[in-house]
Every structure is written in structure tokens, then in C-alpha cells.
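J.: Could you have a look at this structure, given as C-alpha cells, before my questions?
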Amino acid sequence: MKTIFTRLILLSALLLAGGLPQVKAQSCRGYDKRCESAPKHFEASSLTRSVTVRKARKTVINQVFYGDREYFVSVCGHRRLGKIHFRLISDDEDQMVLYDNAVDNFKETQLFVIQNTMKVKLELSAPHYFDDRNAECAGVQIHYHRSDR
Amino acid sequence: MKQFSAMKQTTVALLMMMGSWMTTTAQDIAVSQEEMVVEYYAVPSPEEILSYIHNNEITYTPKLMNSPTNSDKYQTSKERLVAFGMYLADMAYAGSFEQSGTALRYFEVTERSGKSMNLFPAEIEGLVERMLNNMNRIDSINNIYDELYLMVIANLHDTDRFGEYALISAGGFIEALYLALNSSDSDLKEDGFRMRVWDQKMILDQLKSMFNKYLNETQKAQVMKDFEGVFAAFDEFAKSPQATTSNKRDDGAMVLGAAPAKAKAVNPIENIHQEINLLRAKWVRE
């Protein structure tokens with residue numbers, strides 16, 4: 001009888017532990033290649049990244065955009081994540097939101113014309129993703145070319 | 001039977017306690033997730049830094065590059081990672097001037113040292129093959145450089161090796177600036193050139209944050225000391241902050257920039273030039 005109870009306790013503990021929110025670790029390397037490509041005259045930028053996205057988590061990528069350049073930013077994520085929310089924020093005292101794709105129906109691509117070199121924060125999140133247990137992949141692809149002016 | 005009953009009560013109490021603990025833990029995780037922000041840094045590659053500064057206005061000066069034969073001199077992890085970044089900058093420099101044979105030599109040295117530091121994922125083998133098959137096509141070589149760089153960075157990012165990324169970026173940054181500042185026809189007196197050099201202060205700020213955040217105490221102390229002169233040179237003139245504005249163009253593009261500054265001479269870069277050369281000489285150990 002004692003053995004049966006010991007087994008019961010162990011089984012219950014295992015079942016309960018299984019109910020804990022567990023975030024699955026995974027590699028997202030190369031996921032950015034699934035994002036929409038830039039027009040052909042743009043060059044690939046080393047600022048491109050793939051990231052793991054979780055519920056209620058914001059990913060911020062600190063970057064520098066050079067002046068007299070145009071940057072084509074393209075975001076994408078696994079379909080389970082729903083729409084990808086992306087904002088570009090000035091990385092200075094003002095922390096001004098320079099662009100928010102939520103006002104553009106979560107559009108996945110945007111062209112930025114940079115007049116002078118600036119530090120920016122590129123913020124990614126999946127506001128409609130409610131899965132506590134699993135993480136999914138997202139990517140941000142960045143291309144650039146020199147402005148004509 | 002009495003013993004069995006006591007055991008049952010203990011079990012029920014234990015399960016209730018576990019249930020309660022599980023609930024609390026789940027709530028805590030939910031609360032902490034709501035506040036969670038994960039922050040990364042993305043530094044432009046040496047090729048992007050170099051091409052931004054020189055703007056096609058300098059002349060290829062091969063004697064400036066760190067010789068591949070020096071690669072065996074670098075022994076510590078910090079030295080090898082910094083040298084790897086420098087060789088990436090040299091490969092970009094040769095590639096941007098269509099020197100495919102020289103670019104290949106630098107590809108070989110980065111491939112060898114990268115493999116020994118486990119910086120590459122398995123896909124590197126396909127890239128090596130493509131490099132060898134495209135030796136005479138400079139466009140392909142430049143594309144392969146971009147892929148190589150992204151492959152390394154993505155691999156480090158994927159495996160949380162941000163300290164190594166910081167050191168590689170530091171090496172690439174210093175070598176790119178060294179090449180841009182010292183190449184023949186670099187116009188150190190020209191306002192546009194000097195402004196583009198001053199713009200690198202923003203990259204330097206990023207690197208400083210990365211050193212503080214990701215390097216172990218020993219490496220941090222060494223690198224911060226190495227950079228002392230460079231930090232001071234870039235802090236020589238205080239820059240008044242300009243508010244960034246954002247306007248949507250008719251075609252949907254967002255135009256971002258600070259209000260145009262009143263025309264004034266760009267500050268000199270002699271101290272920056274001197275400090276970059278000093279640190280580069282220290283790191284190369286020729």
C-alpha cells in the first residue's frame with residue numbers, strides 16, 4: 001500500500017510539474033530569410049536578426065542608422081504569433097516613437113529615409129500571442145542603400 | 001489502517017501545497033513576462049562602417065592591412081576574437097576595391113581562426129566551396145563576405161555568445177576606422193569626411209555598453225583600458241543633442257532626421273586619428 005501511495009505522489013507531482021509554463025528552447029537562426037525581401041538595388045545589412053518571441057515579451061535591438069541612407073525594414077514571424085508589432089524609437093533623451101506599424105495595420109515592411117546618423121531602438125513583439133508554454137521564431141531583415149540626394 | 005489514514009492525509013496536504021505553489025509560480029511568471037524586455041545590440045559590419053566613412057573617396061592602400069601571417073601571434077581569447085574582427089575588416093577592404101585574390105587570403109585566415117574558435121555553424125562548408133568557385137567574380141565575393149559575417153553573428157546571437165560578438169565588433173570597428181583614416185587620399189580636413197568619422201561615436205557608445213554588459217571582469221578591465229584614449233578623443237567636443245523628427249512622405253516612406261544644424265565647421269579629428277592608430281598598433285603587435 002505504501003508503495004502504491006509513493007507512486008501516486010510521484011505521478012501527481014510529475015503531472016503537476018507538466019502543467020507549469022515551460023518555454024521551449026529553440027534555434028531561430030536564419031528565420032529572417034522568410035521576411036519579405038527588399039527591392040533589388042538595396043544591399044543586405046549586418047543589422048538583420050532572427051529572434052525568439054514569447055508571450056508578453058518585447059525584443060529591443062539597439063542599432064545605428066547612418067545618415068544619407070535609406071533602410072528597408074521587413075519583419076515576419078511564425079503564423080502562430082499572429083501580427084508582429086514593430087516600432088522604431090529614437091535612442092536619445094526623448095525616446096520618441098518614430099514609427100509604429102500598429103497604425104499601419106501591422107504592415108510588415110517599411111522604408112526609412114535617414115537624414116543624419118542616429119541611434120535607434122527597433123522593438124518587436126507579438127501582442128496577439130497568448131501561449132505561455134511555447135516560444136516561436138520571428139525575424140527582422142534590414143537592407144540599405146545610399147540616398148540619391 | 002491508522003498509519004494508512006495518516007499517510008493519506010499527509011499526501012492530500014502535500015498535493016494541496018504543491019498545487020498552491022504551482023499557481024503562485026505561474027502567476028509570478030505571467031507578471032514577470034508582462035514586464036519583460038529583452039535587449040540586443042546590432043553593430044554595423046566593418047564593411048558598412050568602412051564604406052560609410054570612405055564614401056568611395058579613398059585609394060586602396062594594401063600595406064595598411066594586418067598581414068595574415070600575424071594570425072599565429074594572437075594567443076588569448078580576447079586577442080584572437082579582436083584579430084578575427086580586424087581580418088574581417090581587411091577582407092571587406094580588399095573586396096570593396098575588387099582585390100579578389102587578397103580578399104580570398106583574408107577569407108582563408110578568418111575561416112581558419114573562426115573554425116578554431118567554433119564561431120561558425122555547419123553551413124560554413126558550403127560557403128567555403130562557393131568562395132573557391134567564385135574567386136574571379138568580385139560581386140560574388142562581396143556577397144559571400146556579407147553571408148559570412150551574418151552567419152557568424154547569427155550563430156553567436158543564437159548561442160548567447162554576446163561577449164565574443166562585442167570583441168569581434170571592437171576589432172572590426174578599430175580596423176575599419178584605421179583603414180579609412182590612413183588610406184591614401186583620405187581627406188582628414190574635409191568636413192564631410194570628418195563628420196562621418198564623428199558619427200562613429202554612436203557605434204562606440206554601443207560598444208561601450210556591450211563591453212559593460214557582456215564581458216567578464218578581466219576582459220572588461222582590459223578592453224576598457226585599451227579604449228581609454230579612443231573614448232576620450234570622441235568625447236573631446238560636446239555635441240548638443242538634436243531632437244529627431246519623423247515625417248511620412250507621399251510614397252509612404254518615413255523621413256527621419258534631426259533639424260538641420262546651422263552651418264558650422266566640423267570639429268577636427270586629429271586626436272581620434274592618433275588614438276585609433278595607437279590602439280590598432282597595440283592590437284596588431286607587428
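J.: Just counting partner chain Cβ atoms within 10 Å, what average do the residues of peptide A:119-126 show around their Cβ?
T.: 2
J.: If you don't mind, there's one more thing I want to ask. Place a point 7 Å from Cα of B:Q242 in the direction of its Cβ. Which residues in the stretch B:191-220 have their backbone N less than 19 Å from it?
T.: Output list for this probe position: B:191-205.
J.: Which order results if B:F193, B:F97 are arranged by neighbouring Cβ count within 10 Å, fewest first?
T.: Placing the least packed residue first, the sequence is B:F97, B:F193.
J.: Which aspartates and glutamates does A:K83 reach when only Cα atoms under 12 Å apart count, and residues fewer than 8 places away in its own chain are ignored?
T.: The reachable aspartates and glutamates, counting only those whose Cα sits under 12 Å from A:K83, are A:D104, A:E108.
J.: Return the long-range amide H neighbours of A:A135 (sequence gap of 5 or more, or a different chain), with a cut-off of under 5 Å between placed amide H atoms.
T.: Distant-sequence amide H within range of A:A135: A:K24.
J.: Per residue of B:37-50, count partner chain C-beta atoms within 10 Å of its C-beta, then hand back the mean as an integer.
T.: Averaged over the peptide's residues, the number is 6.
J.: Further question on the same structure: Name the long-range amide H neighbours of A:L98: under 5 Å, sequence gap of 5 or more, or other chain; modelled H, no Pro or chain starts.
T.: For A:L98, the qualifying residues are A:L88, A:I89, A:S90.
J.: Starting from the Cα gyration tensor of the stretch B:203-250, take the square roots of the eigenvalues, sort them a ≥ b ≥ c, and report rounded, prolate or oblate (rounded when a/c is under 1.5, otherwise prolate if a/b is larger than b/c, else oblate).
T.: Because a/c hits 1.5 or more and a/b fails to exceed b/c, the stretch B:203-250 counts as oblate.
J.: So, R0 is 30 Å and r is the distance between the beta-carbons of B:M195 and A:F106; what FRET efficiency does that work out to, to 0.05?
T.: So, using R0 = 30 Å, E works out to roughly 0.25.
J.: Say the cut-off is 32 Å between C-alpha atoms; which of A:K58/B:K225; A:K119/B:K189; A:K33/B:K220; A:K58/B:K220; A:K121/B:K63 go over it?
T.: A:K58/B:K225; A:K33/B:K220; A:K121/B:K63
J.: Let me ask something else about it. Which of rounded, prolate or oblate describes the stretch A:30-93 when judged by the alpha-carbon gyration tensor and an a/c cut-off of 1.5?
T.: Note, shape of the stretch A:30-93 comes out oblate.
J.: So, one more: Hey, can you rank A:73-81, B:82-90 by average C-beta count inside 10 Å, highest first?
T.: By packing density, highest mean first, the sequence is B:82-90, A:73-81.
J.: Provide A:V103, A:V97, B:V128, B:V43 in ascending order of the number of other Cβ atoms located within 10 Å of each residue's Cβ, fewest first.
T.: Fewest-to-most Cβ neighbours within 10 Å comes out as A:V103, A:V97, B:V128, B:V43.
J.: Compute the distance from the alpha-carbon center of the stretch B:123-180 to that of the stretch A:66-143, in whole Å.
T.: 25
J.: If you take the square roots of the eigenvalues of the alpha-carbon gyration tensor of the stretch B:161-286 and sort them as a ≥ b ≥ c, do you get rounded (a/c under 1.5), prolate (a/b over b/c) or oblate?
T.: The shape class here is oblate.
J.: Moving on. If the viscosity is 1.567 mPa s and the temperature 4 °C, what Stokes-Einstein diffusion coefficient in µm²/s follows for the stretch A:26-146 when Rh is the Kirkwood radius over Cα pairs?
T.: 89
Each reported figure results from applying straightforward, stated rules to the coordinates on display, with no laboratory input. Quick caveat: nothing in here was measured; it's all calculated off a predicted structure. Note that we place each Cβ from the backbone using ideal geometry, even for glycine, and neighbour counts take in every protein chain shown.
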